[in-house]
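A.B. asks: Sharing a structure, written as structure tokens. Questions coming.
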Amino acid sequence: MKDSMTLTKAELADMLFDKVGLNKREAKDLVDTFFEEIRIALEKGDSVKLSGFGNFQLREKPQRPGRNPKTGEEIPISARRVVTFHASQKLKSLVEDEYAGNAG
Amino acid sequence: MTKSELIGLLATRYPQLVAKDTELAVKTILDAMTQSLVDGERIEIRGFGSFGLNHRPPRLGRNPKTGEKVQVAEKYVPHFKAGKELRDRVDHHK
């Protein structure tokens with residue numbers, strides 16, 4: 001389970017199978033639903049606050065001038081709503097204190 | 001939406017699970033994500049986004065009170081990039 005350098009939904013489902021005792025199908029489904037509920041909240045314009053981990057917030061970005069990098073032609077970048085993530089102080093401190101950069 | 005509201009939503013979707021299991025499931029997912037970042041591993045959730053660490057090089061800072069120069073050590077900070085599905089779904093201008 002720890003052999004890959006990337007955590008994915010499949011590994012999260014394995015952990016729910018091991019640690020919570022859900023069956024494989026339930027575990028996979030719950031991982032999907034976990035992320036889907038966060039998407040639904042954000043889509044509705046709600047921010048999502050997962051204490052100890054971090055907050056997902058929405059930002060309204062106004063239209064701004066842009067350029068086609070290939071042709072140099074000016075084209076406006078349309079107004080949009082984007083998601084930003086702010087790691088909690090706890091997560092930031094854990095990363096700062098325990099990850100010294102030896103793996104990257 | 002808070003973590004406890006998320007746990008509540010999952011509990012209503014999974015009536016076959018006891019409430020404690022739903023809470024443990026959310027804790028297990030968030031702990032695993034935290035541990036991955038602490039280990040310097042990336043997290044990739046298709047349709048949601050990816051988490052990783054960004055490097056901040058050492059820099060010369062200043063103590064804002066005294067104006068004294070201080071060396072700030074390099075560090076790593078968590079970073080999230082929304083995936084295409086999430087970007088498209090939250091952008092109500094589309």
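A.B. asks: Give the total of Lys-Lys pairs in the range A:1-46 with Cα-Cα distances below 16 Å; include a pair only if its members are 8 or more places apart or on different chains.
C.D. replies: Numbers: A:Lys2/A:Lys19; A:Lys9/A:Lys19; A:Lys9/A:Lys24; A:Lys9/A:Lys28; A:Lys19/A:Lys28.
The number of close lysine pairs in the range A:1-46 is 5.
A.B. asks: Using alpha carbon centroids, what distance separates the range B:58-94 and the range A:24-77, in Å?
C.D. replies: Using only Cα atoms, the two centres lie 17 Å from each other.
A.B. asks: Rounded, prolate or oblate for the protein assembly as shown? Axes are the square roots of the Cα gyration tensor eigenvalues, ordered a ≥ b ≥ c, and the cut-off for rounded is a/c under 1.5.
C.D. replies: Details: a/c = 1.90, a/b = 1.24, b/c = 1.53.
Judged from the Cα gyration tensor, the protein assembly as shown comes out oblate (a/c at least 1.5, b/c at or above a/b).
A.B. asks: On a 1.4 Å probe surface of the protein chains, which of B:Thr66, A:Thr84 comes out largest in accessible area, and what is the full order? Let's see the in-between values first.
C.D. replies: Working: B:Thr66 95, A:Thr84 35 Å².
Result, largest first: B:Thr66, A:Thr84.
A.B. asks: Let me ask something else about it. Cα-Cα pairs above 22 Å in chain B: how many percent?
C.D. replies: So the pairs more than 22 Å apart make up 56 percent of the total in chain B.
A.B. asks: Here's something else I'd like to know. With a ≥ b ≥ c the root eigenvalues of the C-alpha gyration tensor of the range B:19-62, is it rounded (a/c under 1.5), prolate (a/b larger than b/c) or oblate? Spell out each step's value before the answer.
C.D. replies: Working: a/c = 3.45, a/b = 2.12, b/c = 1.63.
Prolate shape, in that a/c is at least 1.5 and a/b is the bigger ratio.
A.B. asks: Evaluate Rg over Rh across the range A:1-41, taking Cα atoms for both radii and Kirkwood's formula for Rh. List each step's numbers first, then the result.
C.D. replies: Working: Rg = 10.8 Å, Rh = 10.6 Å.
Taking Rg over the Kirkwood Rh, I get 1.02.
A.B. asks: Heads up, I need the accessible area for B:Asp88: 1.4 angstrom probe, whole protein in place, Å², nearest 10.
C.D. replies: 50
A.B. asks: Would you check the accessible area of A:Ile75, probe 1.4 Å, heavy atoms only, in square angstrom rounded to 10?
C.D. replies: 80
A.B. asks: Give the residue from A:Ala87, A:Gly45, A:Thr33 lying farthest towards the positive end of the charge dipole for chain A; charges sit on Cβ (+1 for Lys and Arg, -1 for Asp and Glu) and the dipole is referred to the Cα centre.
C.D. replies: Of the options given, the answer is A:Gly45.
A.B. asks: So for the range A:10-65, considering every pair of alpha-carbon atoms, how many percent are separated by more than 18 Å?
C.D. replies: Working: 801 of 1540 pairs.
Within the range A:10-65, distances greater than 18 Å cover 52 percent of Cα pairs.
A.B. asks: Can you put B:Ser50, A:Ser51 in order of accessible area, largest first, using a 1.4 Å probe?
C.D. replies: Values: B:Ser50 25, A:Ser51 80 Å².
From most accessible down to least: A:Ser51, B:Ser50.
A.B. asks: Another one. If contacts are Cα pairs under 8 angstrom and at least 6 residues apart, what is the relative contact order of chain B in percent? Before the final figure, lay out each step's value.
C.D. replies: Values: 97 pairs, mean separation 19.2, N = 94.
Relative contact order for chain B comes out at 20 percent.
A.B. asks: Taking the solvent-accessible surface of protein heavy atoms with a 1.4 Å probe, what is the per residue accessible area of chain B in Å²? Working shown, then result.
C.D. replies: Values: 5620 Å² over 94 residues.
Normalised by residue count, the accessible surface of chain B is 60 Å².
A.B. asks: What is the Å³ per residue value for the convex hull set by the Cα atoms of chain A?
C.D. replies: Values: hull volume 20.0 nm³, N = 104.
Normalising the Cα hull of chain A by residue number yields 192 Å³.
A.B. asks: List the residues, sorted by chain then number, that are 5 or more residues from B:Arg42 or on another chain and whose placed amide H is less than 5 Å from its amide H.
C.D. replies: A:Leu7
The values are calculated or read from the model by the stated rules, or taken from the named source; none is laboratory data. Just so you know, these numbers come straight off a predicted model, no measurement behind them. Neighbour counts are summed over all protein chains in view; Cβ atoms, including those assigned to glycine, are modelled from backbone coordinates with ideal geometry. These accessible areas exclude ligands, DNA and RNA; they are computed on the full protein's heavy atoms, side chains included. Shrake-Rupley method; radii C 1.70, N 1.55, O 1.52, S 1.80 Å.
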